[in-house]
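Accompanying notes for the structure given below.
The values are calculated or read from the model by the stated rules, or taken from the named source; none is laboratory data. Keep in mind the model is a prediction, meaning the values are calculated, not measured. A quick note on method: Cβ atoms are made from the backbone with ideal geometry, for glycine too, and the neighbour counts reach across all protein chains shown. SASA here: full protein model, heavy atoms, side chains in, ligands and nucleic acids out. Shrake-Rupley method; radii C 1.70, N 1.55, O 1.52, S 1.80 Å.
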Amino acid sequence: MVTSADSISQQGSPPGNEELDAVRRHICQVLGFDFGLIDLVRGHEVVSYTSFSAEPGDEKADVLSTLEDEHQQPLTVAHTLVAQKVKQTQKPWVGRAYARGGPADGYPYVIIPILDGVTEGESQVRGLLRVVSLDESREVDEKDISTLKIIGQHLAGRLPEASALTGEVEPGEPAALLTEAESVLVVHSNRPVRRRLTKILSGRYQVLEADSGVKTIDTLERNQIDLIILDCQVQGTSGYALCKVLKESPQWKHIPVILIAAESNVQGKIEGLNAGADDCLSENCHEAELLARAKASLRLRKTERDLAMQWQLLEDYAQRLEQAFEAERQANLKVSKHNQSLEQLNRELQQSKLHQEVLRGQEQLLRRITDIIRHSFHIEENIGKMLEELAGHFNLDCCFVILPSDDEPEDAVRSEYAVDAGYSVKGRDLDVGILNVFAANFSANQPVIISDVARERMVEPFKREVLVDYPVRSLFYMPVTYEEKLLGILGGHKCESETLWTADNKDFLRSVAGQVAIGVTNARLYARVQRQATTDGLTGLYNHRT
């Protein structure tokens, strides 16, 4: 049998339906369960009391009717082996519910004992709160259990006595949570006065009696008391002292206390209020006044208890909202990090593509330079064309090569390409000075590649001795070597703007210098052989054949 809170409210407004609807909303909307069942414990048996669902309708009811627990007992039956286990242990139980044709792992199923006190093991189980979720992947955590316990405490004082039920609740019969199940403890040493108070109150409340402070404490430990009527003079102690003890006790401080004093004992009433009593009455007060004062105190007690319970539920709801917001924030942060990672990968990919394009461009240029240098043995002409290609690729203002030959001066190579006469180095013999400074300060395999001439101390020798009046902002001087011997310099100047030389540029210029070294060496070897074939080795004059 499934009776939703909505279907109940449509049939009238019996007491407690609003509270049941609040319970339903928190369990179904806040905690996210689909079904809830409330059972009553009647002696050794457990009987169904009411049930509700997240969305009222026969379809939901049909689903609940197909669910079984781990012992293959239907969930629509309250008295099951699992229910008996929870009743005996007074501990929450978390398991699975199974449906024919449903998932093999079942659905989350939780049973919470509804206790008449807050201490498990020492309280009486008044009922059971059972909840089911149709989301098989849902995890039931400690926070869910804690919140369901709070709801169980909220329901404890609102369930009817199981003895008031003659059987199972019939389908369609509205189940209202009762609110008037209060117990009143009358503490008075005078038996006739105590019996008079009990007679007045017993018509509306369950009344217990005590005639001393010891019996009062014993009764409170064994019963759930909602109101205490306390005489200012109690056997064994004063009512003021006992009231102070109760109000300082964490276990009983929330129970309202009405102090009974003589009509003329005004000071006693003041002392009682100072001791913590919630209200004061005269021994000979009117019957209606006693009932009104008791009702007002109980109403205040109920309101305070409801507010405390609602505050706990609101705190739980706020924490869950905060957790949801934090989860969403973390998810957004994760997405943001993922997007940043994708952007970084995209930038790296673009840089890689650009790098590959640069490498392909340099590779193609190197092949062209190699072809130019090897085109013929007219090395001066070949190198001139090579310098023009190199200057165009790097947007140089001046590019030059100086390769002197002390043994055979006619084989010396001095060539340059300059976009403007003001940037020329050959015309002012600056190339010769650059080579001399390089040979004096650097090793044969140490290139000089500078992106910012103004800040780099490595170029100080050149600026001091050669480039005094020469405007240059970036440069490279790549040594041209053959068999680890310095043959000369391949140089380049950027005079109007700076450039950032990279490791790839350095490797490329080293390869160009290597091709220049090979080309010049081969050309000089060819020239030497040609001279030996046409001149006399002793006199250096043309031979007879020539």
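Values for this structure:
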quantity: Peptides 266-279, 345-358 ordered by average Cβ neighbours within 10 Å, highest first; calculated: 266-279, 345-358
quantity: Accessible surface, the chain, averaged per residue in Å² (probe 1.4 Å); calculated: 54
quantity: Segment 186-245: Rg to Rh, with Rh as the Kirkwood radius over Cα pairs; calculated: 0.94
quantity: For the chain, convex hull volume per residue from C-alpha positions, Å³; calculated: 322
quantity: Rg/Rg_globular for segment 390-546, with Rg_globular taken as 2.2 N^0.38 Å and Rg from C-alpha atoms; calculated: 1.17
quantity: Kirkwood Rh and Cα Rg combined as Rg/Rh, segment 338-447; calculated: 1.14
quantity: Listed pairs LYS247/LYS269; LYS85/LYS253; LYS149/LYS253; LYS91/LYS295; LYS85/LYS302; LYS87/LYS244 exceeding 25 Å between Cα atoms; calculated: LYS85/LYS253; LYS91/LYS295; LYS85/LYS302; LYS87/LYS244
quantity: Lys, Arg +1 and Asp, Glu -1 on Cβ, resulting dipole of the chain about Cα centre, debye, nearest 20; calculated: 780
quantity: Convex hull (Cα only) mean projected area of segment 336-402, reported in nm² to one decimal; calculated: 5.9
quantity: Spacing of the two label points (7 Å from each Cα toward its C-beta) at ARG531 and SER497, in nm; calculated: 4.5
quantity: Distance in nm between pseudo-label sites at ASP135 and ALA99 (7 Å out along the Cβ direction from Cα); calculated: 1.5
quantity: Fully extended contour minus Cα-Cα distance, from LYS199 to ASN441, at 0.36 nm per residue; calculated: 75.2 nm
quantity: Amide H partners (placed H, <5 Å) of GLY32, local residues excluded; calculated: none
quantity: Spatial extent of segment 26-147: Rg and Dmax, with the Cα atoms as the point set, Å; calculated: 13.8, 42
quantity: Percent accessible area from carbon and sulfur atoms, the chain, protein chains only, probe 1.4 Å; calculated: 49
